[in-house]
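Here, each number is a calculation from the coordinates, and none is a lab measurement. As the structure is a computational prediction, the values presented were derived from the model and not from experiment. Because the Cβ atoms are built from the backbone with ideal geometry, glycine has one as well, and the counts that use them run over all protein chains shown.
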């Protein structure tokens with residue numbers, strides 16, 4: 001249980017940093033001089049908007065995973081609420097990975113070969129984590145059913 005508490009705290013810190021980053025990106029977007037924004041967008045079209053959307057999507061996925069870990073402490077390991085949070089978080093991370101990959105395909109001419117390879121590896125890992133979270137969510141849902149059946153037979 002201590003590991004989940006530590007992971008819960010680490011996720012809260014990471015989510016806070018992501019939300020601060022989103023706020024800074026929005027502030028830069030609206031407070032910068034229009035000429036400066038034009039220079040930024042001329043290098044990579046739509047980069048500011050897509051960064052905000054993708055970071056928000058990642059934050060939503062991590063919040064769902066954090067809520068699942070918080071429910072482990074309150075409701076125990078096998079419960080449908082944690083399973084639902086993990087499934088939603090997994091789906092969101094999968095969607096983030098696919099959306100980021102599509103975004104990279106649009107801006108591939110602006111990226112170096114190293115960036116393309118690193119992004120591919122990172123998004124593949126996030127995709128696998130999302131699929132893994134969905135698998136764990138199914139295991140938790142089945143475990144909750146088995147736990148309920150065991151308590152009925154006793």
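Show me 108-120, 81-93, 63-75 ranked by packing, highest mean number of other Cβ atoms within 10 Å first. Write down the numbers at each step before the final one.
Details: 108-120: 11.0, 81-93: 21.8, 63-75: 18.7.
So the peptides 108-120, 81-93, 63-75, ranked by packing, come out 81-93, 63-75, 108-120.
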What's the angle, to the nearest 10 degrees (0 to 90), between helix 2-31's Cα axis and the longest principal axis of the chain? 30
Rounded to the nearest 10 degrees, the helix 113-153 long axis (Cα) sits at an angle to the longest Cα principal axis of the chain of 20
When the distances between all Cα atoms of the chain are binned every 10 Å from zero, what whole-number percent does each bin get? 11, 30, 30, 17, 8, 3, 1, 0
Roughly how many nanometres apart are two label points built 7 Å out from the Cα toward the Cβ at residue 113 and residue 2? 4.8
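Take every Cα pair under 8 Å in region 10-131 that's 6+ residues apart, average their separations, divide by the length, and report that relative contact order as a whole percent. Can you show the working numbers first?
On the way: 95 pairs, mean separation 30.5, N = 122.
Averaging sequence separation for qualifying contacts and normalising by length gives 25 percent for region 10-131.
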Taking the chain as the reference, fit the longest principal axis to its C-alpha atoms, fit the long axis of helix 34-43 to the helix C-alpha atoms, and give the angle between the two in degrees, 0 to 90, nearest 10. 80
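So if we plug the beta-carbon distance of residue 146 and residue 9 into 1/(1 + (r/R0)^6) with R0 = 41 Å, what FRET efficiency do we get, rounded to 0.05?
Values: r = 30 Å, r/R0 = 0.74.
Efficiency, from the Cβ-Cβ distance: 0.85.
Report Rg(Cα)/(2.2 N^0.38 Å) for region 109-154, keeping two decimals.
Numbers: Rg = 19.7 Å, N = 46, 2.2 N^0.38 = 9.4 Å.
So region 109-154 has a normalised radius of gyration of 2.09.
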